[in-house]
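Read the structure below first, then the notes.
FYI, it's all coordinate maths here, none of it is from the lab. For clarity, every value in this text was computed on a predicted model and none was experimentally measured. All Cβ positions, even for glycine, are placed from backbone atoms using ideal geometry, and neighbour counts span all protein chains on display.
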Amino acid sequence: MPKKLLSPDAARDFLVRRFNNQHQNWLAGEGAWPLTVNLGVPTEKDITDDVAAVRAWASAWQSRTGPGELVFEERQFARLGRHLLPVSLTLPDAVAVAACVGQLRRWEIAMQRCQQMRERWPDMGVRALATRFDVLADYSAVDFERLVSLLAWLNANPASGLYLRQIPVEGVDTKWLEKRTGLVAGLLRSLREVSEEEGDFYRVFGLRKPAHRVRIRALCPASRQAIGGLCDIEAPVADIAALPISPRAVVVVENLETGLALPDLPDTVVVMRLGSAVGAVRALPWLVGAEVVLYWGDIDTYGFAILDRARRAVPHLRSVLMDEETLLSHRSLWVQEAAQCPNVPLDALTAEERSVYENLRASAWGTRIRMEQERLGWADAMAVLMRALQGGEPLQSGS
């Protein structure tokens, strides 16, 4: 059969692709209707070259049942005479397309639920609902009712100050909501006309955000004695800030295993695994007031972005083992950064740190180079760290 002739199966495949690509737009009321699918017109040569194939094609359309208007036209051929041939299939709306591709039930449920939510909340953007087509179409009746009830409660209580666990909506427990925070926050933002930049979901929900927790180890026996003999402590920032300690030196490390492995050191505390929340160190008066504050992170773009945040919080903070010499002398330890951090100014970096960062961004030494701190040999790394804690320079390996 000539390729230009569209069989019923091929037409259905076309409609499946169109539905998959456009169903969200259609739910939002967009799209031009009716939708006409041209089936192709055989030439006289097409027919004479393969009479059986063209006849089977026409017969398949003649016996086709289903939604849409199938148009036939009589064609006159010089040698073959008149023939009634299928020309086009016209579908009046999205309902007809959904029926053609086996999606009618899902479409009807999504449409009904979309209308229900729009009637309840006229200010909710239809696009916000349409982009959640799968939720509208596939949620069980129980889960959909939970979603609607939760939105209603959150909208009526925009600043409850409750924890997630305290939300008084039947069937909405912490696990249920934690799996759907993006969905609920998106719908609530649409309802309140709040941009995605305006706060995390706790702020959007009006809920109390759990206090950020910080984990430290007191490496000095005297410090441990001052806090009841404890060494390894994880607690909310305010509690850590209130500890009656005043170390001379603080080491901030991203790798937990590194922090756990550090030996006893006089008048020293290690702060572990803060990541992008490293700015929390500004709330620790005993850290801000320490004579020596070191930051040891991975040598990659995100590592330098975190270093920049840390120094904004503690201006006299110094980096250790994040220099060019350390990186270039350990090529065998390099891996690849999955994705680089957004390219924003890191003005708190020193000239040397910025040079390494910019070379990483520019792939000067290879594509998305990364060296994780835990790959460095422990003995060499400890030798550098000890010199840095004593105020010695430089702060790189092999020195």
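Helix 378-389 axis versus longest C-alpha principal axis of the chain: approximately 60°, rounded to the nearest ten.
Only the Cβ atoms of Lys and Arg (+1) and of Asp and Glu (-1) were treated as charged; on that basis the dipole of the chain about its Cα centre amounts to roughly 900 debye.
Taken as Cα centroids, the stretch 310-343 and the stretch 230-246 sit 27 Å apart, rounded to the nearest whole angstrom.
Each principal axis of the Cα cloud of the chain was taken in turn, and the coordinate range along them, longest first, works out to 103, 54, 31 Å. Computed per residue of the chain from DSSP H runs no shorter than four, each worth -39500 (n - 2.57), the mean residue ellipticity at 222 nm is -12500 deg cm²/dmol. So for the stretch 102-174, taking the charge dipole from beta-carbon charges (+1 Lys/Arg, -1 Asp/Glu), which of VAL126, LEU150, PRO168 sits furthest toward the positive end? Sorting the options by dipole projection puts first VAL126.
Working from label points 7 Å from Cα in the Cα-to-Cβ sense, the THR43 to GLU324 distance is 6.8 nm. Solvent-free Debye calculation, one equal scatterer per alpha-carbon of the stretch 106-205: log10 I(q)/I(0) at 0.15, 0.18, 0.19 Å⁻¹ equals -0.57, -0.84, -0.94. A crude spin-label estimate for the pair SER59 and ARG248, with each label 7 Å from Cα along the Cβ direction, gives 9.8 nm. Each Cα pair under 8 Å and six or more residues apart adds its sequence gap; the mean of these over the residue count of the stretch 189-246 is a relative contact order of 28 percent.
Of the trypsin sites (Lys or Arg not before Pro) in the stretch 314-399, the ones in a loop by DSSP (not H, G, I, E or B) with at most 16 other beta carbons within 10 Å are ARG368. Axis angle, to the nearest 10 degrees, between helix 301-313 and the longest C-alpha principal axis of the chain: 50 degrees. Against the chain, whose longest principal axis comes from its Cα atoms, helix 8-27 is set at around 50 degrees.
How high is the relative contact order of the chain, in percent, with contacts defined as C-alpha pairs under 8 Å that are six or more residues apart? Reported as a whole number, the value is 9 percent. The stretch 87-108 and the stretch 259-288 have their alpha-carbon centroids 61 Å apart. Running a GNM on the chain with Cα contacts under 10 Å, which residue among ARG82, ARG215, ARG165 ends up with the highest mean-square fluctuation? Maximum fluctuation in the GNM of the chain, among the listed residues, is at ARG82. Roughly what % of DSSP beta bridges within the chain run antiparallel, to the nearest 5? Rounded to the nearest five, the antiparallel share is 70 percent. Let me make sure I get this right: for the stretch 252-292, a, b and c are the square roots of the gyration tensor eigenvalues over alpha carbons, sorted descending. Under 1.5 in a/c it's rounded, otherwise prolate if a/b > b/c, else oblate. Which is it? Oblate, because a/c is 1.5 or more while a/b does not exceed b/c.
Roughly what % of Cα-Cα distances in the stretch 8-100 sit above 23 Å, to the whole percent?
In whole percent, the share of Cα-Cα pairs in the stretch 8-100 beyond 23 Å is 33.
Charging the Cβ of each Asp and Glu at -1 and of each Lys and Arg at +1, and nothing else, the dipole of the stretch 8-100 about its Cα centre rounds to 120 debye. Counting 0.36 nm for each residue step from ALA32 to ALA351 and taking away their Cα separation leaves a gain of 109.1 nm. Out of every Cα-Cα pair that the stretch 1-156 contains, those further apart than 21 angstrom amount to 55 percent.
Residues considered: SER63, SER140, SER88. Largest GNM mean-square fluctuation over the chain, using C-alpha springs under 10 Å, is found at SER63. Quotient of the Cα radius of gyration of the stretch 213-389 and 2.2 N^0.38 Å, N being its number of residues: 1.02.
In a simple Cβ point-charge model (Lys, Arg +1; Asp, Glu -1; nothing else charged), the stretch 107-169 has a dipole of about 200 debye relative to its Cα centre.
Here the label points at TRP153 and ASN359, each 7 Å from Cα along the C-beta direction, are separated by 5.6 nm in the simple model.
Were the residues from ASP93 through SER332 laid out at 0.36 nm apart, the gain over their Cα-Cα distance would be 79.9 nm.
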